[in-house]
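Here the structure comes first, spelled out in structure tokens, and everything after it is commentary.
The values are calculated or read from the model by the stated rules, or taken from the named source; none is laboratory data. Computed from a predicted structure; not experimentally measured. All Cβ positions, even for glycine, are placed from backbone atoms using ideal geometry, and neighbour counts span all protein chains on display. Heavy atoms of the whole protein, side chains included, go into the accessibility calculation; ligands, DNA and RNA do not. Shrake-Rupley method; radii C 1.70, N 1.55, O 1.52, S 1.80 Å.
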Amino acid sequence: MVDLDSEVPPLPPRYRFRDLLLGDQGWQSDDRVQVEFYMNENTFKERLKLFFIKNQRSSLRIRLFNFSLKLLSCFLYIIRVLLDDPTQGLGCKELNRSCSNQNYTPGTIDWSPIIWVNRSLPLWGLQVSVAVISLFETLLLSYLSYKGNIWEQILRIPFLLEIINAVPFIITIFWPVLRNLFIPVFLNCWLAKHALENMINDLHRAIQRTQSAMFNQVLILISTLLCLIFTCICGIQHLERAGNRLTLFDSLYFCIVTFSTVGFGDVTPKIWPSKLLVVIMICVALVVLPIQFEQLAYLWMERQKSGGNYSRYRAQTEKHVVLCVSSLKIDLLMDFLNEFYAHPRLQDYYVVILCPTEMDAQVRRVLQIPMWSQRVIYLQGSALKDQDLLRAKMDNAEACFILSSRCEVDRTAADHQTILRAWAVKDFAPNCPLYVQILKPENKFHIKFADHVVCEEEFKYAMLALNCICPATSTLITLLVHTSRGHTAPWEAFRQLTGTKQTSNRESQQSPEQWQKMYGRCSGNEVYHINLEESTFFAEYEGKSFTYASFHAHKKFGVCLIGVRKEDNKNILLNPGPRYIMSSTDICFYINITKEENSAFKKQEKHRKNHESKLSYHGASRLPVHSIIASMGTVAIDLQDTGCRGASGATLALPAQGGREGRRPSIAPVLEVADSSSLPTCDLLSDQSEDETTPSDEEGSAGFEYAKGYPPYSPYIGSSPTFCHLLHEKVPFCCLRLDKGCQHNYYEDAKAYGFKNKLIIVAAETAGNGLYNFIVPLRAYYRPKKELNPIVLLLDNPPDMHFLDAICWFPMVYYMVGSIDNLDDLLRCGVTFAANMVVVDKESTMSAEEDYMADAKTIVNVQTLFRLFSSLSIITELTHPANMRFMQFRAKDCYSLALSKLEKKEREKGSNLAFMFRLPFAAGRVFSISMLDTLLYQSFVKDYMISITRLLLGLDTTPGSGFLCSMKITEEDLWIRTYARLYQKLCSSTGDIPIGVYRTESQKLTTSESQISISVEDWEDTKDTKEQFSCRGNHRNSTSSDQSDHPLLRRKSMQWARRLSRRAPRHSAKTAEKINQQRMNLYRRSERQELAELVKNRMKHLGLSPAGYDEMNDHQNTLSYILINPSPDTRLELNDIVYLIRPDPLTYVPNAGSSRKNSFCNTVGQDNREETQL
């Protein structure tokens, strides 16, 4: 056995535990060597170099001392000149010369006054002392900075000037006879200039602050100019001692007049040396000054590009916000400025823009407008550099907005840049509030520390999803988050554009464009907040239920109470339901034209009873009950007498026809405190609804049994858990493919599945994680099971397994690889029987050489769908809102052309939403995510807007908070009559809070003799700008298709219609209208027949049955719009869709919290459609 003690050597003494306790006693015998570092700095030369050169603060003191010596020497020279009087002697007594009263012949120069001066002994002593110190310092610094080349040190101009000014004084110490010798001490001004430049550089190093190059260049230019003038003054004065004997003031006068090119000629040099000096100085000035000015101009231009600095004094006395962007476009800038400065309390704020790119020409022109030039400061720089953040005074900013570049092809890279900017700002200014815009949801968790975050894809897909079940949700949200006072369409201008005349009959007393007036007025509604105890609107409802407060506040003031927040809770509750009791400390959120603080209240005098019986209702053109009078940001609300009005026309009283009087008791009063009998019971989580308790045979056989719970898998971190309809077992990935069969099913197209509900098709480029937020709102637990629409994802690129694993738990969700460009792919995915087609803007097309061309491909594809499938509801996302005018484009639609001119006028007036009167936007068929940028901007003033928007879109599900849904007004519901009665009915029965109405009107209006029709000649000749147009129905009917490439049948039909119109009597407008209508119907029918034949042939080729294709179904002759919080007396119309905020059904369930924890619980809720059936 090996002896371990003999094999392993003992540890050295310094490593023994005994030595740690007793100390290292074997140090003397240890072989360790002590090493001293930086021995080269211990030498005398290195120590001097460290003090005079390397150390920043000591070097700065040396420079300051040297600068002071040079100024002192110049000052002593001026004293010597003032004390020296050439008339009393030339200072050459030591050489036994008599220098007084000497006369010189013309043309000769007496050099003695130039060579000799009168210098007193004390003054000589001071100048010698200064010269000795300066020379010693110069020699020492030259020795310390010596690097092997002595001539490089000697031939430097500062060294030569020092030798010229200092050595003669030292010589006079040893040779006193030369004490009055002239020495050009005034040249020390150039050495002072050199010392000043070095001192400024050392100062910047010492205080660790980088000053702008502009400051240094201006300092150099000024010091150079002063040195030139001072040298010329002293030189002319000294040389003219032998001539005109000028004083210093005369020399100053001469130099200023000469350098300013004025040249009066009253003071001129007399001898040639002084004239030569003037020539030399002018030449030097002509060479040196232009170079300095050129450098200054260059730096000025660079500063104009970079933007300079934001003043520290202004940052401490004024308020400012910083906008960080990677590239600044004019649309982004104007949207931010218009929305930010729309709030009155932000008028005194400054906006500092920090952008790494150079300002383009359009932005430069806008920022030169006086309205913006005084409040907007552009700085070219990066948020990753502390110097640029210091220039923007980020540590003093009230907020920092960091926006992503959505036009980048690689959106993930754009998010990474945004994340780094947010980190840099947070590191530099931890207390500065951050407002961050991110593009992809998977990157959101990196910036959770930000105060407010808006994820573009989250909001986009959730909004597009709600558009499929609540029409025009995108328009509703866009109008709510924009700051506006309401856009009232200028009807007179619009009437002149369309050529429409009002008829004299009673039926046409309403304006033909009444929808624009109502839609524009209601668009001014926004979300505001106020404390309950401080509110005039809601203070009287303390201790009462939420629904009671909401209904009576709307009835009395016309405001819509939508949510509350408790004082001790940060969560906002939208419509918490009738069981919620209002408290004095609650924060109330309401929709109104303006906030309560800007409102004045005055109560109307009560009308006499006999006068009440004479009042009549004037329909939709009547002013709102609360009589909104908008003036200078203040709204006066006239409180209505709540007594019933007798009327000769239609009133709230039910008509005494057909036993309708028996239905009046169905509108019960809204209770102050919730009654358990009036609330939904605990059956919300039981299988009591018809659609769930009686499944069809197909569902039972196919095994489509759904459960409710939380999705077990989320595609990204940070997604809010939502209670959804789920499958008991996840679907195999092969079954998610719609167009390919597998071992589990053999279906290869959407028709073969036999879906009961119509499809929702989403056309996207890739299956990003944000697409998950499109599915979740459509599968939320509060959606009735029998109303779930199948979802088909039409993707250009195959999805990855990560995404399929997230969607395989949802029922009736499929995908298909194909393109919207291909008609065969559209037919396979079931476009012929789809309810909605959602076209998402492709990331690869978001970047284009011409910005607005980024939407070109999407617009043309949607236009093709619009022409091929006229009955399909198409919802489109665009990159630029300005391209909305091309959606459903009709080249010769007179009504659309009139709306285009109206939009231009609104834009000239500075409207934030100039495109809001466009029919596709008003109907919710087009949407741009850039319109939601204002959501982030508004959060600076309304920090609750992002939370409310997320709750409305279903992105967040706070326990006890309601959700957004809709209901349709049918013929059975028209007995409600008015919006106020509907409000009462909903609050008293289901606890729902209506917030708006989506109305669809037909444009096929009846023609009359007083209205002007379009003849065929006028329709053909579009060059006449003053042609007369028909009413809206005829405009839409007459020009719904492209006029190019006429086939033979259409060409013959037009010729036939033209001949008929020429034969028709000119005075018969009705006959011409009928002929025109027949001709256009024939024209449109022939074109649609061609398109229908194309679609049917492709369907037959693919083996699909063309039975479901309805090519003649036309919904293009209608217009739709939104009325947000309409007046209580607004009449309900057939097919109106009412937006509701419905209470959370789980709020009424005992132990709702434990029920939610069960990921696969029983079915939830009754059929929502049955609850709101009135």
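Tabulated data for the structure shown
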quantity	calculated
Simple label model, 7 Å out from Cα along Cβ direction - T268 to S311, nm	4.9 nm
Sites S112 and L82, calculated FRET efficiency, Cβ-Cβ separation with R0 35 Å, nearest 0.05	0.95
Pairwise centroid distance, computed over Cα atoms, of the stretch 932-989 with the stretch 106-147, Å	89 Å
FRET efficiency for K570 and Y143, using Cβ-Cβ distance with R0 set to 60 Å, rounded to 0.05	0.30
Per residue Cα convex hull volume in Å³ - calculated over the stretch 215-273	82 Å³
Rounded to whole Hz, the Karplus (6.51, -1.76, 1.60) HN-Hα couplings of the stretch 955-972, x for glycine and proline	6, 10, 10, 7, x, x, 9, x, 9, 8, 8, 8, 9, 9, 7, 9, 4, 5
Placed amide H near C324: partners under 5 Å, 5+ positions off or other chain	L354, F401, I402, L403
FRET efficiency for K905 and E705, using Cβ-Cβ distance with R0 set to 60 Å, rounded to 0.05	0.55
Residues with amide H under 5 Å from that of T1118, placed H, sequence gap 5 or more	Q1003
Average accessible surface area per residue within the stretch 527-601, 1.4 Å rolling probe, Å²	36 Å²
Spread of Cα-to-Cα distances over 5 Å intervals beginning at zero, given as percent, for the stretch 727-877	2, 9, 19, 23, 21, 14, 8, 3, 1, 0, 0
Dipole moment magnitude, nearest 20 debye, the stretch 333-422 about Cα centre, only Lys, Arg, Asp, Glu C-beta charged	200 debye
Extension reserve of the V860-L286 stretch, reckoned as 0.36 nm per residue once the Cα distance is removed	200.2 nm
Inverse mean reciprocal Cα-Cα distance (Kirkwood Rh) of the stretch 248-407, Å	19.3 Å
Sulfur and carbon atoms: percent of accessible area, the stretch 347-411 [1.4 Å]	48 percent
